[in-house]
Every structure is written in C-alpha cells, then in structure tokens.
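A quick write-up on the structure given underneath.
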Amino acid sequence: MNIKIRLSIFAAALAVILAPAHATTIDPSNYDYSMTIRPGSGKVTSTLSGFPLLVRLSAARQPWFNPADCGTNGADLRFALADGTLLAHEIDTWSESGESVVWVNVPTLTASTEIKAYWGVKDSSLAPAVTASDTWSDYIAVYHLGEGDKYAYDSSANGYTATNAAAVSLGVNPPVGNCAN
C-alpha cells in the first residue's frame, strides 16, 4: 500500500512538472465562426514535433470562410487544439479577396491531428493574445522573402534581419506565400 501512495504522489508531481505553465485556452463561444483543419489524406506519414503547419485560407478552398468576417488583416483569427489549447501562429500574407497564408505551430502533427480555427470574435477583450514569433520558437531565423525591398525580415524572436546584397523584386507564382528575385 505504501508503494502505491508513493507512486501516486510521484505521478501527480510529474503531471504538474510536465503541464505547460503558460497554456492558454480558447472559449469557442467568443467566436462567431470556426472550422476544423486536418492534414490531407496521405500527406503526413510520420509524427512531427513542433511543426509549423501551413494553412491556406480562402473562400475558394473553404466556401464557408469569408475573410470579411475576420478582424482587420485577420487580427482575430486564432487556432487551437481540440481541447482548446491556443496555438501560436503567424499570418504570412493576408488577402481580403484571395488566399491567405498562415503558419500554425502544432506541438505534435500526425495523420489524425485536428486543429480548430476561430474567427469573428464577439468581444475582443476576451481574445487570447498571440505572438507571431512564438510560431518559430525553435528556429534561429525564418525568412519568408516576400518583402520585395532591401531587407529580408526574420519572423523568429531573434530579429536577424538580413540585408539583400542586390536589388530585389517580388517573384511570381511561388508555391507558398511570396518570394524574392
């Protein structure tokens, strides 16, 4: 009996240590709209940890999604796990009429992972804060290369802005987001 008590105390202490101290949850009732996002069939074949997932949002891809229902530049867009745990995300490009590109940091990505997107916040004071650089917390530097000027800005929290050595212009039809020539 004494062994079980010790194990239970150890398990409880371990659960407290492993629980994220800063986990924020979303209240779905504070949003007018939501949708479930799952990886495409056969697209994820192993388990990935801390993986920024590319989410493409447009009325053409998701007929029920209307960018006009979001705050300015997607400001009220939030992502969460099925249990409501808030996920860090960065809006790479926002389009009111076309496709928006968003990177969502998913702690563990498997073929069966489901995340929820929420937008159309009813009370902005209740929307949990999101820091875009938290999406890239395990990265030294992240460059999207869509600025089209003399700098390439780092999306990580490290702030390693790069200076282009030559003239830069925006590329055409990149596979993701924008690009530079």
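Couple of notes before you dig in:
- For the stretch 27-181, carbon and sulfur atoms together expose 50% of the accessible surface, with a 1.4 angstrom probe and every protein chain in place.
- A Cβ-based charge dipole, computed about the Cα centre of the stretch 92-135 with Lys and Arg at +1 and Asp and Glu at -1, lands at about 160 debye.
- Charge tally in the Cβ shell below 13 Å around GLY84, where Lys, Arg are +1 and Asp, Glu are -1, GLY84 excluded: -1
- Surface per residue (accessible, 1.4 Å probe) for the stretch 87-181, Å²: 54
- Considering only THR25, SER46, GLY71, and ranking their Cα positions along the charge dipole of the stretch 19-110 that arises from unit charges at the beta-carbon of Lys, Arg, Asp and Glu, the one farthest toward the positive end is SER46.
- If you take the alpha carbon atoms of the stretch 21-118 and fit the smallest convex hull around them, that volume is 103 Å³ per residue.
- Cα convex hull, the stretch 31-72: 115 Å³ per residue, rounded to a whole number.
- Charge sum, other residues only, whose C-beta stays under 11 Å from ALA180's C-beta, Lys/Arg counted +1 and Asp/Glu -1: -1
- Evaluated with a Cβ-only charge set (Lys, Arg +1; Asp, Glu -1), the stretch 76-181 carries a dipole of roughly 20 debye about its Cα centre, given to the nearest 20.
- For the stretch 20-78, the solvent-accessible area of protein heavy atoms averages 60 Å² per residue (probe radius 1.4 Å; ligands and nucleic acids excluded).
- Ranked from largest, the principal axis spans of the Cα set of the stretch 45-181 equal 47, 34, 33 Å.
- Cα centroid of the stretch 117-147 to Cα centroid of the stretch 77-92, whole Å: 8
- List HIS89, HIS144, ordered by accessible area with a 1.4 Å probe, largest first: HIS144, HIS89
The values are calculated or read from the model by the stated rules, or taken from the named source; none is laboratory data. Worth saying up front: this structure is predicted, and the values here are computed from it rather than measured. Note: ideal-geometry Cβ built from the backbone for every residue, glycine included; neighbour counts use all protein chains shown. SASA here: full protein model, heavy atoms, side chains in, ligands and nucleic acids out. Shrake-Rupley method; radii C 1.70, N 1.55, O 1.52, S 1.80 Å.
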